[in-house]
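The values are calculated or read from the model by the stated rules, or taken from the named source; none is laboratory data. As the structure is a computational prediction, the values presented were derived from the model and not from experiment. Glycine gets a Cβ as well: all are built from the backbone with ideal geometry, and neighbour counts include every protein chain shown.
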Amino acid sequence: MTTYRLQVNGKPHAVNTDPDTPLLYVLRDDLALNGAKFGCGLGQCGSCTVIMDGKPVMSCLVPVSAVGARAVRTVEGLGSSDKPGVLQQAFIDEQAAQCGYCIAGMIMQATALLEKTPAPTDAQIRAHMSPNLCRCGTHMRILRAVRRAADRLAAGGKR
Amino acid sequence: MSADTGRRRFLAAGGALTLSFAMPAWSAPGELPKSLDKTPWLDAWIRIEADERITVFTGKAELGQGIKTALLQVVADELRIAPSRLTLVTADTARTPDEGMTAGSNSMKDSGAALRHAAGQVRMRLGELAAARLGVPAASLALKDGAFIAANGSRASFGQLVTGQELHLRATPQPAPPAPGPKTAIGHSLPRVDIPAKVAGGPAYVQDLRLPNMVHARVVRPPSQAATLTGLDAAAVMRLPGVLKVVRDGRFLAVIAEGEYRAVKAAAALARAARWDTPAALPVYPDVKALVMAQPAEPTTILARGARVQEGTHFKATYTRPFQLHASIGPSCAVAQLVEKRYTVWTHSQGVFPLRGALAELLAVKEEAIRCIHVEGSGCYGHNGADDVAADAALLARAFPGRPVRVQWMREDEHGWEPFGAAMVAQVAATLGPDGRIADWQYDVFTPPHNTRPGKAGNLLPATHLAKPFTPPVPTPSPQPEGSGDRNAIPYYRLPNARVTHHFQPKAVLRTSAMRGLGAYCNVFAIESFMDELARAARVDPVAFRLRHLEDPRAIDVVKLAAAKFGWDGYKRPSRRGRGFAFARYKNLASYCALAVEVEVARESGLVRVTRVSSAVDCGEIVNPDGVRNQIEGGIVQSASWTLLEQVRFDAARVLTVDWASYPILRFGQMPEQIDVHLIDRPGQPFLGTGEAAQGPAAAAVANAVFDACGLRMRDLPLDRARVRKA
């Protein structure tokens, strides 16, 4: 076991774990963050998506020893169910979930897009979201939620 | 019986209230809703505390379909109270009524009807108590925000009225009269109560349970169902950091560890330490049709109407569906704990009571020694790995008593070992009469089981791997009218001469069970594809051809609405595109769903893309319109994915489609430009349920649109690129 110092949602954390433990397991089991989900462990579905230094990454593929000083953000960092962030609110407004298991990953994937491309076209949203799988068929609502959040931000809403 | 007499009679019964209150002889003829008949005590469904807390109990489970929200709306309107004032407890063998499985689009029909009936009688009972307390006639009382109010302004709140066993009453068949004042919840798109937590990382799933002192386990499955474990050297695994126990019972192999990823690594090491004999036990056939038709079948005639008619033009066709996956995004998970000979199992099973029975048999304990609590899992589209992983967890809790044991399947477990949707063959022959109507119809569906749920320990995957294995019980088909493999095998059209035969195959090549819609997916695909073929043969517009054969005005309404919203008449076919139509009434007794679909076909690449969909649905009285839309939209997208891409592959030894690369599903880039869902509300009509209504029509509408676009009649699912290119 090794001690790793991580920056997660703006706060420092020290975790004692094996170097090969994927960041996903550290977030869920050591930091008790539920947002990132285990879906495949293979980087194929996106339900574990978090943001590292501004880029969306599949946390099931990143060993904790490779994180280093890079800032990690999860869906918990965007807001809470009482005070949701703009994207979270957009997903609530569009009722863009069925089972919702993929949704935290979707929101993080979308966050990465809107930070880099504040006014995306619909085609850009679709292309950007394509790594993330949804099995309930909520895609059309998810696309609408991302569009809604982008429009809200363009109108001066706070991220 | 008038409302007034009903109320007086109810009061008379209430006056004689005791704990052993018997069904009064005067109760009106009629039946209680099924679930309420099984659990008739009102306080089994609704409890009110002195501090005004109101708790509602349902035996159904939230599967991501929004049932929690819809049930709260039903009760809220009966009690004329805001839904936010209610707390809902879902399926739990220690707390809620037993409502069997949350399946078959039955939750609103079962629990919605039971709760509406029970809540109405609770309101009446409270009204009588309030009348007595305030000294005014019940009929003079207003009801607002959880209190009855007399004309003079005096009030009695629910919490004041229920001080003891006042609601421990048997429900009676006569429904309560409508509550005074307008409904405020039913018919409105109340936002789902579970979504805020799900968008913010709140604990929402069984996968998120983090119990004190919890340990983690992983199961090492055999390479195939026929494989035998010939050797195991677990000594090295035992020495790995964090490992607490290696469990072997026959070919059930698992490891328990401190720390989840240590369990994952130890399971990988255990898999390397095991030697298996994997025989080439699976039959390999050139295609689905050959595979299905080679299996022994028990034919049952489910429709024999009229006589054989020969006069006219004859047509026939065969349609097939491969084995397909539920493939939830989150692999199945359960937590189990054995403390002082009592098991607690946290599970996303669709049926906590049937699961408890199967676990009791597996563990050789009484049912009372097991409590199964439903906690949401990743999306549930039928009998997936939920029950099996609960059995894994229970077996491992037995092997490692005291601490909670959490088991989650890995992706290859979920893809490889969940019970599959059944491969099917549908053969249809019809005669088109000189009048352009179907004069004769003959339909034969060949299918392995669509229901191998627990029930019995033998239905639980790990139970079949133990040293003393449990044998799966011989499956039986469900009877019509709901049916299972023959669900929707009888067309909902006016056919004076028709025979339909269900060729049930008790033994499946691969384990199969219920998947969203059961046989309806393939049967509606076959029937509605063939209707399209016949319409074209008759040179009649496919929508007009359907209307020509429909009698039920509600069916006609959805067909016309979907066509109108799509712009069916006057459609101008863009290059490479085409349109298709389909209709079904789910189970021939539940929701009506019609769809018009446009697709784009690229012959050179074989790529089929759905570009837009207009659908129309009648599910009886609508409780939550947006909830219905969400279910139908999701059903259309999921069915499009099954229809365009999905197929389990296997060789003689094992299943080969064990991840998202080998079993792809639709992604964002392949989504339509638009999906509309148009609803027809039928206030006062029974709830019909919506979860599965779109699966069959979506498949057929897509296939019919492919034909319209490029002249290719695709009768074998999926309509994947290889097939389109080759055709």
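Evaluate the following for B:THR657: is it in a loop (DSSP other than H, G, I, E, B), at pLDDT below 95 and either buried (at least 18 other Cβ atoms within 10 Å of the Cβ) or within 14 Å of another protein chain (Cβ to nearest Cβ) (or both)? In short, no.
Among the residues of segment A:15-35, which ones are more than 8 Å from chain B (Cβ to nearest Cβ) and out of contact with any Phe, Trp or Tyr (no Cβ under 7 Å at 6 or more places or on another chain)? Outline the logic, then answer.
Filtering segment A:15-35 down to residues more than 8 Å from chain B (Cβ to nearest Cβ) leaves A:15-16, A:19, A:23-24, A:26-27, A:30-31.
Residues satisfying the conditions are A:ASN16, A:PRO19, A:LEU23, A:VAL26, A:LEU27, A:ASP30, A:LEU31.
When segment B:611-631 is filtered for residues that are among the aliphatic types (A, V, I, L, M), away from chain A (no Cβ under 11 Å) and more than 20 Å from the chain's Cα centre (by Cα), only B:ALA616 remains.
Among the residues of segment B:660-703, count how many are in a loop (DSSP other than H, G, I, E, B) and not hydrophobic (A, V, I, L, M, F, W, C).
To start, the set of residues in segment B:660-703 that are in a loop (DSSP other than H, G, I, E, B) comprises B:660-667, B:671-673, B:680-694.
If we keep only those that are not hydrophobic (A, V, I, L, M, F, W, C) as well, we get B:662-664, B:667, B:672-673, B:681-686, B:689-692.
Within segment B:660-703, residues that are in a loop (DSSP other than H, G, I, E, B) and not hydrophobic (A, V, I, L, M, F, W, C) number 16.
For segment B:174-185, filtering for residues that are among the aliphatic types (A, V, I, L, M) and buried (at least 20 other Cβ atoms within 10 Å of the Cβ) leaves 2.
Considering B:GLN638, B:GLN674, the condition of being surrounded by fewer than 22 Cβ atoms within 10 Å (Cβ to Cβ), within 26 Å of B:ARG573 (Cα to Cα) and either modelled with pLDDT of 95 or more or of a type in the set (S, T, N, Q) (or both) is satisfied by B:GLN674 alone. Scanning segment A:90-102 for residues that are buried (at least 18 other Cβ atoms within 10 Å of the Cβ) and touching a residue at least 24 places away in the same chain (Cβ under 8 Å) yields A:ALA90, A:PHE91, A:GLU94, A:GLN95, A:ALA96, A:ALA97, A:GLN98, A:CYS99, A:TYR101, A:CYS102. The single condition among (1) closer than 30 Å to B:LEU510 by Cβ; (2) at pLDDT below 95; (3) hydroxyl-bearing (Ser, Thr, Tyr) that B:THR230 does not meet is (2).
Just one of the listed residues (B:PRO191, B:PRO223) is part of a loop (DSSP other than H, G, I, E, B) and more than 8 Å from every other protein chain (Cβ to nearest Cβ), namely B:PRO223. Once segment B:198-213 is narrowed to residues that are facing chain A (nearest Cβ under 7 Å) and in a loop (DSSP other than H, G, I, E, B), the residue that is surrounded by the most Cβ atoms within 10 Å (Cβ to Cβ) is B:ALA204. Scanning segment B:580-611 for residues that are on the phi < 0 side of the Ramachandran plot, surrounded by fewer than 22 Cβ atoms within 10 Å (Cβ to Cβ) and in contact with a helix residue (DSSP H, G or I) (Cβ under 8 Å, 6 or more places away or on another chain) turns up B:GLU600, B:ARG603, B:GLU604, B:SER605, B:LEU607, B:ARG609. One residue alone among A:ALA110, A:ALA36 is buried (at least 24 other Cβ atoms within 10 Å of the Cβ), within 26 Å of B:HIS415 (Cα to Cα) and at pLDDT 95 or above, and that residue is A:ALA36.
Every residue, every condition in (1) assigned by TED's automatic domain parsing to the domain that holds B:LEU656; (2) of a type in the set (Asp, Glu); (3) modelled with pLDDT of 95 or more; (4) within 25 Å of B:GLY357 (Cα to Cα), yes or no:
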site	(1), (2), (3), (4)
B:VAL407	no, no, yes, yes
B:GLU412	no, yes, yes, no
B:ALA430	yes, no, yes, no
B:GLY433	yes, no, yes, no
B:ILE438	yes, no, yes, no
B:TRP441	yes, no, yes, no
B:VAL445	yes, no, yes, no
B:ALA457	no, no, yes, yes
B:PRO462	no, no, yes, yes
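With respect to the conditions (1) in contact with a helix residue (DSSP H, G or I) (Cβ under 7 Å, 6 or more places away or on another chain); (2) of a type in the set (A, V, I, L, M); (3) within 7 Å of chain B (Cβ to nearest Cβ), A:LEU133 falls short on a single one, namely (1).
For B:GLU528, the requirement of being within 24 Å of the chain's Cα centre (by Cα) and among the acidic types (Asp, Glu) is met. Whenever a residue of segment B:621-646 is assigned to a helix (DSSP H, G or I), its partners that are surrounded by fewer than 24 Cβ atoms within 10 Å (Cβ to Cβ) and of a type in the set (Asp, Glu), lying with C-beta atoms within less than 8 angstrom and at least six residues away or across chains, give the pairs B:PRO625/B:ASP681; B:LEU644/B:ASP720; B:LEU645/B:ASP720.
Could you pull out the residue among B:LYS245, B:LYS316 that is surrounded by fewer than 13 Cβ atoms within 10 Å (Cβ to Cβ) and in a strand (DSSP E or B)? First the steps, then the outcome.
Numbers: B:LYS245 fails: surrounded by fewer than 13 Cβ atoms within 10 Å (Cβ to Cβ).
Selected residue: B:LYS316, the only one of B:LYS245, B:LYS316 that is surrounded by fewer than 13 Cβ atoms within 10 Å (Cβ to Cβ) and in a strand (DSSP E or B).
Going residue by residue through segment A:49-65, is there one that turns out to be at the interface with chain B (Cβ under 7 Å from one of its Cβ atoms), over 11 Å from the mean Cα position of the chain (by Cα), modelled with pLDDT of 95 or more and assigned to a loop (DSSP other than H, G, I, E, B)? Please lay out each step first, then the result.
Taking segment A:49-65 as the starting set, the residues that turn out to be at the interface with chain B (Cβ under 7 Å from one of its Cβ atoms) are none.
Checked segment A:49-65: no residue is at the interface with chain B (Cβ under 7 Å from one of its Cβ atoms), over 11 Å from the mean Cα position of the chain (by Cα), modelled with pLDDT of 95 or more and assigned to a loop (DSSP other than H, G, I, E, B).
Restrict the check to segment B:703-720 and report whether at least one residue is within 14 Å of chain A (Cβ to nearest Cβ), in contact with a Ser or Thr (Cβ under 6 Å, 6 or more places away or on another chain), buried (at least 20 other Cβ atoms within 10 Å of the Cβ) and among the hydrophobic types (A, V, I, L, M, F, W, C). Even if it seems obvious, please write down each step before you answer.
Within segment B:703-720, the subset within 14 Å of chain A (Cβ to nearest Cβ) is none.
Among the residues of segment B:703-720, not one is within 14 Å of chain A (Cβ to nearest Cβ), in contact with a Ser or Thr (Cβ under 6 Å, 6 or more places away or on another chain), buried (at least 20 other Cβ atoms within 10 Å of the Cβ) and among the hydrophobic types (A, V, I, L, M, F, W, C), which makes the answer no.
Answer yes if at least one residue in segment B:565-573 is of a type outside the set (S, T, N, Q) and under 29 Å from B:ALA423 (Cβ atoms), and no otherwise. No. For first residues located in segment A:117-132 and assigned to a helix (DSSP H, G or I), partners that are charged (D, E, K, R) and lie 6+ apart or on another chain with Cβ distances below 7 Å form the pairs A:ASP122/A:ARG147; A:ILE125/A:ARG147. Residues in segment B:455-477 that are part of a loop (DSSP other than H, G, I, E, B) and under 29 Å from B:ALA426 (Cβ atoms): B:GLY455, B:PRO472, B:PRO473, B:VAL474, B:PRO475, B:THR476, B:PRO477.
With respect to B:PRO448, determine if the residue is touching a strand residue (DSSP E or B) at 6+ places or on another chain (Cβ under 9 Å), within 26 Å of B:ARG715 (Cα to Cα) and of a type outside the set (Val, Ile, Thr). If you could, list the steps in order and put the result at the bottom.
Details: touching a strand residue (DSSP E or B) at 6+ places or on another chain (Cβ under 9 Å): yes; within 26 Å of B:ARG715 (Cα to Cα): yes; of a type outside the set (Val, Ile, Thr): yes.
Yes: the conditions hold for B:PRO448.
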